[in-house]
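The values are calculated or read from the model by the stated rules, or taken from the named source; none is laboratory data. Given the structure is predicted, the values throughout are model-derived calculations rather than measurements. Reconstructed Cβ throughout: ideal geometry from the backbone, glycine too, with neighbour counts over all protein chains shown.
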Amino acid sequence: MTILVIGGTGLVGSHVVEALATAGHAVRATSRRPAAFPPGVEGATVDLADARALRSALDGVRAVFTYATPGTARLLVDQMQAAGVHRLVLLSSADAASNDMADFNCRRHREVETAIEQSRLDWTFLRPVAFASNALFWKEQIRATGVVRSPFPNASQSLIDPSDIARVAAAALTSGRLVGEAPILTGPESLTQLRQVDILGAALGRPIAFEAITSEAMRTMLSGFLAPEYIDLKLTALADAERHPDPVTDAVGTITGQPPASFAQWAERNASAFL
């Protein structure tokens with residue numbers, strides 16, 4: 001039987017496809033537009049709002065990996081149940097663990113989780129903290145000026161490599177030991193933004209400066225390409241991480257048998273993106 005990866009070209013989904021295919025599993029991967037996938041992986045063009053395309057992609061599938069929004073969760077659940085699929089692994093967020101429905105990020109993820117909890121599906125929710133790849137937001141600044149500008153220099157985050165999330169997802173998709181669980185996934189250490197910039201500089205072989213700016217300056221910087229609620233989310237997350245450093249869990253190592261990659265390892269593998 002086939003495993004379906006919805007969003008197979010995405011930041012995490014592409015790694016899930018690779019992990020499953022490398023292990024020899026039959027994989028079908030979707031994207032909103034036609035895309036190239038690794039040899040042996042079946043591709044499908046699917047929008048989660050398109051019930052007919054989704055149902056077709058679910059034919060012969062035994063497990064699904066996806067990211068969903070409140071607007072697409074119910075259709076996904078209904079179509080999975082109608083197709084006889086039993087297992088769903090959802091990419092959620094560590095913020096959902098607070099169950100604080102007044103918090104924007106918690107609320108949007110918990111609404112999806114709740115729709116799935118109320119279904120007949122065997123589910124696993126993956127709740128990662130901030131991604132190591134979020135550092136790519138700085139690449140244009142680093143290329144142009146060699147300076148990273150951000151508020152909250154001492155915001156400390158336990159950044160996780162997206163490929164480590166994918167390794168956990170692959171374990172959840174191919175065994176039953178994580179059914180009904182919602183592990184919080186982190187990297188191996190909590191690092192301030194100042195330390196993250198130092199590590200990036202070491203990976204690039206040149207120093208990178210850090211310039212602390214105000215939240216309002218950051219808001220202006222982001223306003224051209226992020227909606228206000230997502231700017232608020234980013235600023236709130238950094239402010240919270242400065243007051244209370246992100247925790248570190250051993251979930252990745254316990255589940256996969258291998259420790260998560262450090263931010264330094266991620267930076268070394270992705271240094272070319274900053275050049």
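Quick one: what pairs do we get from region 211-222, first residue assigned by TED's automatic domain parsing to the domain that holds ALA155, second among the β-branched types (Val, Ile, Thr) and surrounded by 12 or more Cβ atoms within 10 Å (Cβ to Cβ), C-beta under 9 Å, 6+ apart or different chains? Note: pairs meeting the criteria are GLU211/VAL147; GLU211/VAL148; MET218/ILE231; ARG219/ILE231; MET221/ILE213; LEU222/ILE231.
Checking each residue of region 93-111 against the condition of being farther than 25 Å from ALA29 by Cβ, touching an Asp or Glu at 6+ places or on another chain (Cβ under 7 Å), surrounded by fewer than 23 Cβ atoms within 10 Å (Cβ to Cβ) and of a type in the set (A, V, I, L, M, F, W, C) gives at least one match. Among the residues examined, GLN258 qualifies as out of contact with any Gly (no Cβ under 8 Å at 6 or more places or on another chain), surrounded by fewer than 16 Cβ atoms within 10 Å (Cβ to Cβ) and on the phi < 0 side of the Ramachandran plot. Residues in region 197-210: is at least one in contact with a Leu (Cβ under 6 Å, 6 or more places away or on another chain) and of a type outside the set (Val, Ile, Thr)? There is at least one residue in region 197-210 that is in contact with a Leu (Cβ under 6 Å, 6 or more places away or on another chain) and of a type outside the set (Val, Ile, Thr). How many residues does region 51-79 contain that are closer than 20 Å to VAL41 by Cβ, assigned to a helix (DSSP H, G or I) and within 17 Å of the chain's Cα centre (by Cα)? The number of residues fulfilling the criteria is 0.
Conditions tested, residue by residue: (1) assigned by TED's automatic domain parsing to the domain that holds SER133; (2) among the hydroxyl-bearing types (Ser, Thr, Tyr); (3) surrounded by 18 or more Cβ atoms within 10 Å (Cβ to Cβ).
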| residue | (1), (2), (3) |
| --- | --- |
| LEU20 | no, no, yes |
| THR30 | no, yes, yes |
| ALA35 | no, no, no |
| THR66 | no, yes, yes |
| THR69 | no, yes, no |
| LEU75 | no, no, no |
| LEU88 | no, no, yes |
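So that you can scan it fast, the table gives a plain yes or no per residue for (1) in contact with a helix residue (DSSP H, G or I) (Cβ under 8 Å, 6 or more places away or on another chain); (2) not aliphatic (A, V, I, L, M):
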position: THR69; (1), (2): yes, yes
position: THR72; (1), (2): no, yes
position: GLN79; (1), (2): yes, yes
position: GLY84; (1), (2): no, yes
position: ARG87; (1), (2): yes, yes
position: LEU90; (1), (2): yes, no
position: SER98; (1), (2): yes, yes
position: PHE104; (1), (2): yes, yes
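Checked against the criterion of being free of Cβ contacts under 8 Å to residues at least 12 places away in the same chain, out of contact with any strand residue (DSSP E or B) (no Cβ under 9 Å at 6 or more places or on another chain) and not assigned by TED's automatic domain parsing to the domain that holds ALA97, the candidates PRO207, PRO228 yield just one match: PRO228. Within the option set ALA155, ALA144, ALA212, being loosely packed, with under 15 Cβ neighbours inside 10 Å and within 21 Å of ILE231 (Cα to Cα) holds for one residue only, ALA212. Number of residues in region 234-259 that are under 20 Å from THR192 (Cβ atoms) and either out of contact with any strand residue (DSSP E or B) (no Cβ under 6 Å at 6 or more places or on another chain) or in a helix (DSSP H, G or I) (or both) equals 13.
Screening ARG110, ARG143 for residues that are without any contact (Cβ under 8 Å) to a residue 24 or more places away in the chain and part of a helix (DSSP H, G or I) leaves exactly one candidate, ARG110.
May I ask you to list the residues in region 266-275 that are assigned to a helix (DSSP H, G or I) and surrounded by fewer than 17 Cβ atoms within 10 Å (Cβ to Cβ)?
Our first condition is that a residue be assigned to a helix (DSSP H, G or I); within region 266-275, this holds for 266-269, 271-274.
Residues satisfying the conditions are GLU268, ARG269, ALA271, SER272, ALA273.
The C-beta contact set for region 181-199 (first residue closer than 12 Å to VAL148 by Cβ, second residue of a type in the set (Val, Ile, Thr) and in a loop (DSSP other than H, G, I, E, B), distance under 7 angstrom, 6+ apart or interchain) comprises VAL197/ILE208.
Select, from PRO34, PRO38, the only residue that is in contact with a Ser or Thr (Cβ under 8 Å, 6 or more places away or on another chain) and assigned to a loop (DSSP other than H, G, I, E, B). First the steps, then the outcome.
Values: PRO38 fails: in contact with a Ser or Thr (Cβ under 8 Å, 6 or more places away or on another chain).
That would be PRO34, the only listed residue that is in contact with a Ser or Thr (Cβ under 8 Å, 6 or more places away or on another chain) and assigned to a loop (DSSP other than H, G, I, E, B).
Among the numbered conditions (1) within 30 Å of GLY253 (Cα to Cα); (2) touching a Pro at 6+ places or on another chain (Cβ under 8 Å); (3) outside any helix (DSSP H, G or I), the only one that GLU189 does not meet is (2).
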